[in-house]
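Note sheet for the following structure.
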Amino acid sequence: MARLRIGVFGAGMVAQVEHVPNLLHLREQFDLVAVADPSAKARAFMADRFNLATDPSLDDLLGRKLDALLIAAPDFCHVGGVEKALAAGLHVLVEKPLCYDPADADRLSALQAETGRIVQVAYMKRFDASYVAALELVAGLGERLRYISVEKTEPADIYQMGHHRYQASDDVAPDLIAAGRAETQRQVTAALGRSISGAPYRAYTGAFCSSLVHDVNLVHGLLDHMGLAKVEVAAAQVFAGAEGASATLHVNGAQALWQMTHLAVPQLADYRERVALHFDDRIVELVFPAPYLNHQPTRLLLRHSKGHRYEQSEIRDGYEEPYLAELVGFWAAIMNGSPVRTGIADARRDMVLIAEMGRLVANS
């Protein structure tokens, strides 16, 4: 089996807890060459815990002999990281969000077409075995869809991944932090067509672009499987000082309503994520575990009726870890020509909706 030489840009939480251990686990598919991060503490952690070579910058990492790059750096780095990787002739797996501004996705799509390289966005929930099973349950039911509900509450990170070894990147130079904040502001301004601050800014970069973006993407996948392409944002709002955000969308005109709510609960050690699709005669519901538990199956529930008879069943299709499955999918797309499940076009569609939510919040 051919192995891909891969580097990782960004040594923060998701890299330490998921991407790096998983790449090392998949030794038949990947040769993890090095990890790059400006934090000396994070680099030392990677070197000590995983016996990896490290670099202080992406440019240094790209100077190594690589086939692919996994980008797990802060969100404002994603577009530039993909550009540099494609220019270097590398395949790319990039964390969500791909971008803040859909126009950046257009530019990346053109660059990808020029280079012929694979770009996959790391929406790992699309590789969840229960999600894949849910696609089978909703196939052919598009005309009967009436309502979609997304409810998400997130505790502080420590309550999700305190059982993992982790090193905070709290030694990054202040000038780099300031430059990152300025670049984030620039990208958000370009996305929304105006400068925003305060609660709308925190909600756009946090609840919408960092968290609900997962749910926007997975619902888009379900709608695709039902043949429903028309989605419009009707309303969006921020509450609880940007700890909460919500949006209402119309699916296929007025056929179905899609509502999403996200709430940060920093003092409650309980992660909840529920996606329910309501049809005329059934409900298909996904209940996701906290993402860093690993190999904990998502609950897939089917409720349906025939006359007075009501039935509920739960479906489980194994314990495969979605973070691992997305890496295998990335490898297969490169080595075997398998379809890219979550490419640039998918991410662009997500960000078009989320940017509209951001504009509605900014103008409210």
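Note on Y204, Y310: ascending count of other Cβ atoms within 10 Å places them as Y310, Y204, the fewest first.
Name the residues of the stretch 251-266 whose amide N is less than 13 Å from a point 7 angstrom out from the Cα of Y310 along the C-beta direction? Correct set: none at all.
Mean sequence separation of contacting Cα pairs (under 8 Å, at least six apart), scaled by the length of the stretch 259-364, corresponds to a relative contact order of 13 percent.
How high is the relative contact order of the stretch 136-259, in percent, with contacts defined as C-alpha pairs under 8 Å that are six or more residues apart? Normalised by residue count, the contact order of the stretch 136-259 is 34 percent.
For the chain, the relative contact order works out to 21 percent when only alpha carbon pairs closer than 8 Å and six or more residues apart are counted.
log₁₀ I(q)/I(0) of the stretch 110-243 at q = 0.09, 0.11, 0.12, 0.21 Å⁻¹, via Debye over equal Cα point scatterers, no solvent, to two decimals? The Cα Debye sum returns log10 ratios of -0.43, -0.64, -0.76, -1.39.
When the Gaussian network model of the chain links Cα atoms closer than 10 Å, the mean-square fluctuations of K125, K306, K230 top out at K306. For the stretch 16-164, the Kirkwood hydrodynamic radius from C-alpha pairs, put into Stokes-Einstein at 10 °C and a viscosity of 1.306 mPa s, yields a diffusion coefficient of 89 µm² per second.
Pairwise inverse Cα distances across the stretch 246-361, averaged and inverted, put the Kirkwood hydrodynamic radius at 17.7 Å.
The calculated 222 nm mean residue ellipticity attributable to helices in the chain amounts to -11000 deg cm²/dmol, summing -39500 (n - 2.57) over DSSP H runs of n ≥ 4 and dividing by all residues. Taken along its three principal axes, the alpha carbon spread of the chain comes to 65, 49, 45 Å, from the longest extent down to the shortest. Treating each Cα of the stretch 1-103 as one equal point scatterer and applying the Debye formula with no solvent, the log10 of I(q)/I(0) at q = 0.18 Å⁻¹ comes out as -0.79. For Q185, what is the net charge nearby, where nearby means another residue's Cβ is under 13 Å from its Cβ and Lys, Arg count +1, Asp, Glu -1? Charge balance in the 13 Å sphere: +1. For the stretch 40-92, the direction-averaged projected area of the alpha-carbon convex hull comes to 3.8 nm².
For the stretch 74-81, 3J(HN,Hα) computed residue by residue from phi via the Karplus equation (6.51, -1.76, 1.60; θ = phi - 60°) reads x, 4, 5, 8, 5, 4, x, x Hz, glycine and proline entered as x. When DSSP beta bridges are restricted to pairs lying wholly in the chain, around 60% turn out antiparallel. The packing ranking, built from the mean of other Cβ atoms within 10 Å per residue, places the peptides 105-111, 166-172 in the order 105-111, 166-172, highest first. Extension gain, Q185 to D106: 0.36 nm times the residue separation minus the Cα-Cα distance gives 26.5 nm. Fewest neighbouring Cβ atoms within 10 Å first, the residues Y159, Y123 line up as Y159, Y123.
Arranged from fewest to most other beta-carbon atoms within 10 Å of their beta carbon, H214, H19, H308, H295 become H308, H295, H214, H19. The alpha carbons of the stretch 191-236 give a radius of gyration and a Dmax of 13.2, 39 Å, in that order.
Throughout, read-outs are computed from the coordinates displayed, never taken from laboratory work. Bear in mind that the values here come from a model prediction, so they are computed numbers and not experimental data. Quick reminder, even Gly has a Cβ in these numbers, built from the backbone with ideal geometry, and neighbours come from all protein chains shown.
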